[in-house]
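The block underneath contains the structure these notes are about, expressed in structure tokens.
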Amino acid sequence: SHRINIAIDGPAGAGKSTVARLVANALQYVYVDTGAMYRAVTAIALERGLSSDNAPEIGRLANELEIELLPGEDGQRVLADGEDVTGRLRSLEVNRNVSAVAAIESVRRKMADLQRRMADAKGVVMDGRDIGTHVLPNAELKVFLTASPRERAERRYKELGDNPGITLDQLKLDIAERDRKDQEREFAPLLQAPDARYLDSTGRSIDEIADQIVEWGRSAV
Ligand code: C5P
């Protein structure tokens with residue numbers, strides 16, 4: 001059957017990754033979490049003592065680092081130079097630095113290049129910030145997924161588990177700051193593509209949202 005590419009963009013905590021995974025399962029497509037790639041570069045940079053505003057060094061790191069995405073039992077695994085770094089991608093430290101790293105143009109060029117190659121054979125559900133506008137402007141289906149700031153913060157808070165290490169209010173501020181940086185960056189900012197379908201998941205179940213996208217995907221074929 002004819003396979004398409006599906007781009008899902010939107011702000012932090014909108015439910016993109018859960019939804020994208022469900023859609024990929026339903027269509028037997030490959031799920032690509034592009035945020036995890038920027039997180040991997042950020043985690044390694046911080047571990048090597050690089051400051052997130054050190055564009056030349058981080059650009060060099062991103063260009064040398066081999067990043068691979070593998071399907072795993074409970075979601076996508078990320079390998080950096082062959083090492084599984086999946087468990088190190090969601091720390092507060094990475095959350096607070098990833099938008100600065102993702103604003104570095106050479107980092108974005110490298111990641112976009114990898115992402116386009118992953119989508120070459122079609123049949124990919126890719127979630128991120130600039131997939132519909134920049135990485136895959138010809139994706140057959142584009143969705144801009146959002147939710148109220150409150151609901152987005154509450155979702156992320158739950159993901160942090162029993163020892164969140166942060167208050168809900170502080171998390172809300174962190175998310176707003178990350179969104180602002182993602183929207184205001186010079187190169188490939190967070191933006192709804194003109195031909196993207198807008199979906200607000202506030203008060204709606206993740207399954208309902210995924211079903212909607214699957215239906216659009218099937219009629220886009
Ligand atoms: O999706 P997630 O919240 O894991 O993304 C983490 C960060 O990675 C975002 O806040 C953004 O700075 C960056 N990102 C990006 N472009 C993408 C995906 C993520 O700039 N396509």
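Taken together, the values in this text are just the output of simple stated rules run on the coordinates, not laboratory data. None of these values were measured; they are calculated from a predicted model. Because the Cβ atoms are built from the backbone with ideal geometry, glycine has one as well, and the counts that use them run over all protein chains shown.
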Quiz prompt | Given charges at Cβ of Lys, Arg, Asp, Glu: the chain dipole, positive-most of PRO11, ILE67, TYR38 | solution = PRO11
Quiz prompt | Beta bridges per DSSP with both ends in region 5-220, % antiparallel, nearest 5 | solution = 30 percent
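What percent do you get for the relative contact order of region 57-192 when only Cα pairs under 8 Å and 6+ apart count?
22 percent
Let me make sure I get this right: for region 80-221, a, b and c are the square roots of the gyration tensor eigenvalues over alpha carbons, sorted descending. Under 1.5 in a/c it's rounded, otherwise prolate if a/b > b/c, else oblate. Which is it?
Working: a/c = 1.60, a/b = 1.18, b/c = 1.35.
The shape class here is oblate.
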Exercise. Determine the dipole magnitude for region 171-221: charges of +1 sit on the beta-carbon of Lys and Arg, -1 on that of Asp and Glu, nothing else is charged, the reference point is the Cα centre, and the result goes in debye to the nearest 20.
Key: 80 debye
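Within a 10 angstrom radius of the beta carbon, how do MET126, MET111 rank from fewest other beta carbons to most?
MET111, MET126
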Exercise. Just give me a number: lysine pairs in region 5-220, eight or more positions apart or cross-chain, with C-alpha atoms less than 23 Å apart.
Key: 13
Quiz item: If you take the charge dipole of the chain about its Cα centre, with +1 on Lys and Arg Cβ and -1 on Asp and Glu Cβ, which of ASN163, SER219, LEU173 is farthest toward its positive end?
Solution: SER219
Exercise. Would you calculate the separation in nanometres between label points at ALA55 and ASP162, each defined as 7 Å from the Cα along the Cα-to-beta-carbon direction?
Key: 4.5 nm
Quiz item: Which helices of the chain meet both criteria: a Cα extent of 15 Å or more along the helical axis and a mean Kyte-Doolittle score no lower than -1.0, with helices taken as whole DSSP H segments?
Solution: 16-27, 34-47, 92-102, 206-220
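Can you give the charge dipole size of the chain about its Cα centre, rounded to the nearest 20 debye, using +1 on the beta carbon of Lys and Arg and -1 on the beta carbon of Asp and Glu?
320 debye
Using the per-residue mean of other Cβ atoms lying within 10 Å as a proxy for protection, in what order, highest first, do the peptides 164-170, 14-20 fall? Could the numbers behind the result be given before it?
On the way: 164-170: 12.6, 14-20: 24.7.
Ranking the peptides 164-170, 14-20 by packing returns 14-20, 164-170.
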